[in-house]
Amino acid sequence: MSVIALHPKQPQEANGPSATMRTPSPASPSAPLAFSLRGIAKRFGEKTVLDGIDLDVPQGQFVAVIGKSGCGKSTLLRILAGLDSPTSGSLTVAGGSASERRSRIMFQEPRLLPWARIARNVEIGLTGIAKGEVARDLSLQILKEVGLADRAEEWPSVLSGGQKQRVALARALVAHPFILALDEPLGALDALTRIEMQQLLERIWQQQSFTAVLVTHDVTEAVALADRVVVIDKGRIALDLPIPLARPRGHGSAETARFEGQILDRLFGRG
Amino acid sequence: MAKTATNTIARNLAGWLLPAALILAWEAASRSGLISESVMAPPSAVLAAFIRLLASGELVENIGISTLRALSGFAIGGAIGFAFGLANGLSRLSRDLTDTTLQMVRNIPHLALIPLVILWFGIDEEAKLFLVALGVFFPIYVNTLLGIQGVDPQLVEMGRIYGMSRRQLFFRVILPGALPAIFVGLRYALGIMWLTLIVAETIAASSGLGYMAMQAREFLLIDVVILSILIYALLGKLADSFARLLERLTLQWHPAFQPA
C-alpha cells in the first residue's frame, strides 16, 4: 500500500494558506496506523523497564514521549527502531515493502563520521539504497532542505553543534523513512539553537510524510511540536494527551501553557 | 598567500638553525685545538670523508644495504603486527587466544636476543631481519589493537543501524577511526627499526653502515665513525618525515591537521 498517497498532508493540494496549518492527526481516527505496540514489556535482569505498553500511532502523526530519567522512554524508542527487542509483547509496523516501512533513529549525539565530508556523511543514510551520482544528488538535495548545501564539502569538525545535528537529521531523512525516531536529538543544544531546530524539524515533517516519535524531557518542546504527548511513568503510559493546537505554534501562549501544566502535574503526581 | 608561504619556509628553516650553529661551533673548537683530533674530527674532515666514500661508491653501497635491511625487516614485522592487531581488535576469540602470549614476549627486550640470534643465524641477513621485524612488531601491534578498541562504539552502532555490511563497517568506520593510533605505532616503530639495525650491524655484520663504522674504528678513522652516526640521524629523520607526510595526507579530517 502506498503510504504517502493515503495521507492527506500535501499543503499544495489543499486550498488556501490555512492548509499549511495542519490539523492534528488524532482528530482523524480514520487515518491508517503507522505502527502499534501491544503489551510491550522489557526487563533487564530483575529490573522491569517497560511494563505493558499499548500504543497505536496513525500515519503521519507527531508523537512526543515524555518521562523522567530512567522511565524507559529511550528503551521504548530503541524497540521501535529495532535496536532492542522487547521481552514480551509485539510491535506491528504498517506498510508494504521493507523500503516503505523503513525507520530511522536520531540520537542526542550527531554520530557523524569525523573522517567523511558532510555530503559523504549524509550518503550513509542511503547505504544499500542508492550509490554514486544518485546518492550524491539526493544528499545535496536534503542538505539544502536543512540549510547546509554550502557546507557539503567540509569536515564535520568545523561545524557547530546545531549544524552537526542538522547533518544527522539530513542523514536520517535522505532515504525518506516511514518512521523517524528521535532520542532527545536537541538535548545537547543551547536554547536558541533548540528553537531553530524545532522549527526546522516541524517544517520538514510537514513536507515529508513520516511518522515522528520524539523522546524528550522538555515539556515545552513536546507541546510545541507534537500532535500528541504520551507520558510514561514506571514503565507504563500515565497520560495520553492530544494537543489539538494549530501550527505554527507560538511560544509561551496561554494554550500551550495550559497543556504544559497538565503534563507537568501528571509527571509530578499532582494530577 | 605569498606571505604564508614565506612563513612556512621560515618556520621550516628555524628547525635547522640550532644544528647549523652547533656545527660551526664544533668546527671552530676543533681548529682552535679545544677539541683534540683523536676525540672528535672537525666537520670539514667529516665532509671530506663523506666525499671520499661517496666517490669510491662504498658509502652508497652501505647505505643501500642498510636501508634494504631496515625496510624488509620493517615490512615483515609491521605486516605481522598489523595483522595481529586487526585480528585481536576485531575478534574476541583471537584476542583471548594470543594477547597474553604476545604481551609476555613483548616484555623481553628484543636486543637481549642478540646472542641467541647469532647462534641461530650467524651474522647473515636473517639475523638482522629477525631482530628488526621483532622490534617493529610490537609498537605496530599494540597501537593497531588500541586504535581499533578505541573506535567510538556509538559510530559503530550508527553504521549498523544504517545497514552497513561488515566490510563497509570495517573500511568506513573502524579502520579510519583506528588510523591516528596506527600512525603513532608507525612512527614509534620506525625509530625502533633504525635503533635495532644499528645495534645489530655493529655487533654482527659484514656490510652496511654499522659495519662501516666498526671497520673505521679499527683503523682509527674517527671522521668515518662520525659520518656514519650522522647518516643514521639523517635516515631516521627522513623516515619520520615520510611517516608525517603520510599522516597529513590521510588524516586531513583530524582537527590537529587542519590549517588553523
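For a quick check of your reading of the model, give me the residue pairs whose first member lies in the stretch B:124-135 and is part of a helix (DSSP H, G or I), whose second is basic (Lys, Arg) and crowded, with 21+ Cβ neighbours inside 10 Å, with beta-carbon atoms closer than 9 Å and at least 6 apart or on different chains.
Pairs found: B:GLU125/B:ARG69; B:LYS128/B:ARG69; B:LEU129/B:ARG69; B:VAL132/B:ARG69.
Check the stretch B:69-91 and report whether any residue there is loosely packed, with under 14 Cβ neighbours inside 10 Å and modelled with pLDDT of 90 or more.
Yes, the stretch B:69-91 has at least one match.
Can you tell me which of (1) within 22 Å of A:LEU214 (Cβ to Cβ); (2) assigned by TED's automatic domain parsing to the domain that holds A:ILE40 is the one A:LEU148 doesn't meet?
That leaves (2) as the condition not met.
When you look at A:ARG166, is it surrounded by 22 or more Cβ atoms within 10 Å (Cβ to Cβ) and within 14 Å of chain B (Cβ to nearest Cβ), yes or no?
Considered against the rule, which asks whether it is surrounded by 22 or more Cβ atoms within 10 Å (Cβ to Cβ) and within 14 Å of chain B (Cβ to nearest Cβ), A:ARG166 comes out as no.
Only one residue in A:LEU138, A:LEU91 is of a type outside the set (Phe, Trp, Tyr) and over 18 Å from the mean Cα position of the chain (by Cα), so which one is that?
After ruling out the rest, the residue left standing is A:LEU138.
Report the residue count in the stretch B:92-110 for those that are crowded, with 16+ Cβ neighbours inside 10 Å and either in contact (Cβ under 8 Å) with a residue 60 or more places away in the chain or of a type in the set (S, T, N, Q) (or both).
Residues meeting the conditions: 1.
What is the one condition in (1) out of contact with any Ser or Thr (no Cβ under 9 Å at 6 or more places or on another chain); (2) under 19 Å from A:ALA81 (Cβ atoms); (3) surrounded by 19 or more Cβ atoms within 10 Å (Cβ to Cβ); (4) not β-branched (Val, Ile, Thr) that A:LEU267 does not satisfy?
Going through (1) out of contact with any Ser or Thr (no Cβ under 9 Å at 6 or more places or on another chain); (2) under 19 Å from A:ALA81 (Cβ atoms); (3) surrounded by 19 or more Cβ atoms within 10 Å (Cβ to Cβ); (4) not β-branched (Val, Ile, Thr) one by one, A:LEU267 breaks only (2).
Output the number of residues of the stretch A:74-117 satisfying the condition of being within 11 Å of chain B (Cβ to nearest Cβ) and more than 17 Å from A:LEU180 (Cα to Cα).
6
Being within 24 Å of A:LEU55 (Cβ to Cβ), assigned by TED's automatic domain parsing to the domain that holds A:ILE53 and not small (Gly, Ala, Ser) narrows it down to one residue among A:GLN208, A:GLN199; which is it?
Of A:GLN208, A:GLN199, the one residue that is within 24 Å of A:LEU55 (Cβ to Cβ), assigned by TED's automatic domain parsing to the domain that holds A:ILE53 and not small (Gly, Ala, Ser) is A:GLN208.
Here are some residues: B:TYR188, B:TYR162. Which one is more than 14 Å from every other protein chain (Cβ to nearest Cβ), among the aromatic types (Phe, Trp, Tyr) and under 30 Å from B:TRP253 (Cβ atoms)?
Exactly one of B:TYR188, B:TYR162 is more than 14 Å from every other protein chain (Cβ to nearest Cβ), among the aromatic types (Phe, Trp, Tyr) and under 30 Å from B:TRP253 (Cβ atoms), namely B:TYR188.
With the structure loaded, tell me whether A:ILE124 is at pLDDT 90 or above, away from every other protein chain (no Cβ under 12 Å) and either under 27 Å from B:VAL156 (Cα atoms) or in contact with a helix residue (DSSP H, G or I) (Cβ under 9 Å, 6 or more places away or on another chain) (or both) or whether it fails that test.
Considered against the rule, which asks whether it is at pLDDT 90 or above, away from every other protein chain (no Cβ under 12 Å) and either under 27 Å from B:VAL156 (Cα atoms) or in contact with a helix residue (DSSP H, G or I) (Cβ under 9 Å, 6 or more places away or on another chain) (or both), A:ILE124 comes out as no.
So which residues in the stretch A:246-263 are touching a helix residue (DSSP H, G or I) at 6+ places or on another chain (Cβ under 6 Å) and either without any contact (Cβ under 8 Å) to a residue 40 or more places away in the chain or closer than 17 Å to A:GLN206 by Cα (or both), if there are any at all?
Matches in the stretch A:246-263: A:ARG249, A:THR256, A:PHE259.
Give me the pairs: first residue in the stretch A:153-175 and free of Cβ contacts under 8 Å to residues at least 12 places away in the same chain, second residue in a loop (DSSP other than H, G, I, E, B) and not β-branched (Val, Ile, Thr), beta-carbon distance under 8 Å, and six or more apart or on different chains, which are they?
Once the first residue is free of Cβ contacts under 8 Å to residues at least 12 places away in the same chain and sits in the stretch A:153-175, its partners that are in a loop (DSSP other than H, G, I, E, B) and not β-branched (Val, Ile, Thr) give A:VAL158/B:GLN258.
Quick check on the stretch B:244-256: of everything there that is surrounded by fewer than 15 Cβ atoms within 10 Å (Cβ to Cβ) and in contact with a helix residue (DSSP H, G or I) (Cβ under 8 Å, 6 or more places away or on another chain), which residue is farthest from the other protein chains (Cβ to nearest Cβ)?
B:ARG244
Do we have any residue at all in the stretch A:54-61 that's out of contact with any helix residue (DSSP H, G or I) (no Cβ under 8 Å at 6 or more places or on another chain), at pLDDT 50 or above and not acidic (Asp, Glu)?
yes
For (1) assigned to a helix (DSSP H, G or I); (2) closer than 26 Å to B:LEU220 by Cα; (3) over 21 Å from the mean Cα position of the chain (by Cα), each residue gets a yes or a no:
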{"position": "B:GLY15", "(1), (2), (3)": "yes, no, no"}
{"position": "B:ALA28", "(1), (2), (3)": "yes, yes, yes"}
{"position": "B:GLU61", "(1), (2), (3)": "yes, yes, no"}
{"position": "B:SER66", "(1), (2), (3)": "yes, yes, no"}
{"position": "B:ARG95", "(1), (2), (3)": "yes, no, yes"}
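Answer yes if at least one residue in the stretch A:247-267 is β-branched (Val, Ile, Thr) and part of a strand (DSSP E or B), and no otherwise.
no
Touching a Gly at 6+ places or on another chain (Cβ under 8 Å), within 14 Å of chain A (Cβ to nearest Cβ) and either of a type outside the set (D, E, K, R) or more than 30 Å from B:SER38 (Cα to Cα) (or both), is that true of B:ALA181?
Answer is yes for this residue.
Criterion first (free of Cβ contacts under 8 Å to residues at least 40 places away in the same chain, under 14 Å from B:ALA189 (Cβ atoms) and not in a loop (DSSP other than H, G, I, E, B)) does B:ALA75 satisfy it?
Spelling it out, B:ALA75 is indeed free of Cβ contacts under 8 Å to residues at least 40 places away in the same chain, under 14 Å from B:ALA189 (Cβ atoms) and not in a loop (DSSP other than H, G, I, E, B).
What's the number of the condition A:GLU153 fails, among (1) of a type outside the set (A, V, I, L, M, F, W, C); (2) touching a Pro at 6+ places or on another chain (Cβ under 7 Å); (3) not assigned by TED's automatic domain parsing to the domain that holds A:ALA238?
(2)
The values are calculated or read from the model by the stated rules, or taken from the named source; none is laboratory data. If you're wondering where the values come from, they're calculated on a predicted model, not measured in any experiment. With ideal geometry, Cβ positions are generated from the backbone for all residues, glycine too; neighbour counts draw on all protein chains shown.
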